[in-house]
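See below for the structure under consideration.
The values are calculated or read from the model by the stated rules, or taken from the named source; none is laboratory data. A quick note: this is a predicted structure, and the numbers were derived from the prediction, not measured. When we count neighbours, we look across all protein chains shown, and the Cβ atoms used for this are built from the backbone with ideal geometry, even at glycine.
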């Protein structure tokens, strides 16, 4: 008997027949960060994420207000990767009957704070009871005439770009779970884990100016998400180890917890940065956008014929990563 854990997330979806299904004209279905639905005057981007107690968060390490922000932010990050402007959120919350009202109140405060930050409306949802906290947030975004940035859009000879500094979220989580202190470095990494900043403005500009061919938000880890671009585009993605940006805070927190900062940067996940591909002619424009947003953007690899993801060392030889990313099963 086959088990879901043996199939993995994408194997499960594939076996259920969700990939490659025939959709009405104008629709884009499973396989990207959002579904795309045609509407009058443009397209609507739709995404849903689950946050389950003791799978995605623990009450002992995550406060309700931070969890509310994160529940909104991870969905807005999906919209960002498609180049969609946030419109609305709906929230499904299954909560234990004995959970204090104050917890729910603080959770919705955090949710509203993130929604307000990105001019997004809380438009409804549902509530129920459960043994543990289960949260399901759906986000709607407007493409406003922009072409959606799909994982399948990468082209041969594209550059591979990454926003921000990956690995800090994973480093913050390690210290949090171990109960370690770390001064300002820990505080930065903790905020990256508990209150991620979706790169909405970057995604909008990349799509509006047609600078990127494909994009994905980094939720599973740089290597794992590069693999999703590779699979959907039918091309090989090369990631150059020496070009991965690693912050001082990441290195300090990794040293404190005894972890390898390089492994955290490549496979830690929950960074919610954008990983995207673009033609070489757009390099200067992309760097200018990053400068204007006060956000680092680094060219970390390229796309070529072939399949899969290769991690290259500074000597150009292929490396075997010890940690490739998050798996849901």
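Things to note:
- Residues in the range 109-127 that are assigned to a strand (DSSP E or B) and in contact with a helix residue (DSSP H, G or I) (Cβ under 8 Å, 6 or more places away or on another chain) were compared, and the one that is farthest from residue 277 (Cα to Cα) is 122.
- Summed over the range 228-269, the residues that are at pLDDT 95 or above and at positive phi give a count of 1.
- Given (1) in contact with a helix residue (DSSP H, G or I) (Cβ under 8 Å, 6 or more places away or on another chain); (2) under 30 Å from residue 230 (Cβ atoms); (3) not assigned by TED's automatic domain parsing to the domain that holds residue 266, index of the condition residue 163 fails: (3)
Conditions (1) in a helix (DSSP H, G or I); (2) surrounded by fewer than 23 Cβ atoms within 10 Å (Cβ to Cβ), marked per residue:
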residue	(1), (2)
196	no, no
201	yes, yes
204	yes, yes
207	yes, no
212	no, no
224	yes, yes
227	yes, yes
231	yes, yes
238	no, yes
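- Residue match in the range 128-151 (condition: assigned to a helix (DSSP H, G or I) and either at pLDDT 95 or above or out of contact with any strand residue (DSSP E or B) (no Cβ under 9 Å at 6 or more places or on another chain) (or both)): yes
- Filter result for residue 112 (closer than 15 Å to residue 200 by Cα and over 19 Å from the mean Cα position of the chain (by Cα)): no
- Here is the figure for the range 35-60: residues that are surrounded by 15 or more Cβ atoms within 10 Å (Cβ to Cβ) and part of a loop (DSSP other than H, G, I, E, B) total 1.
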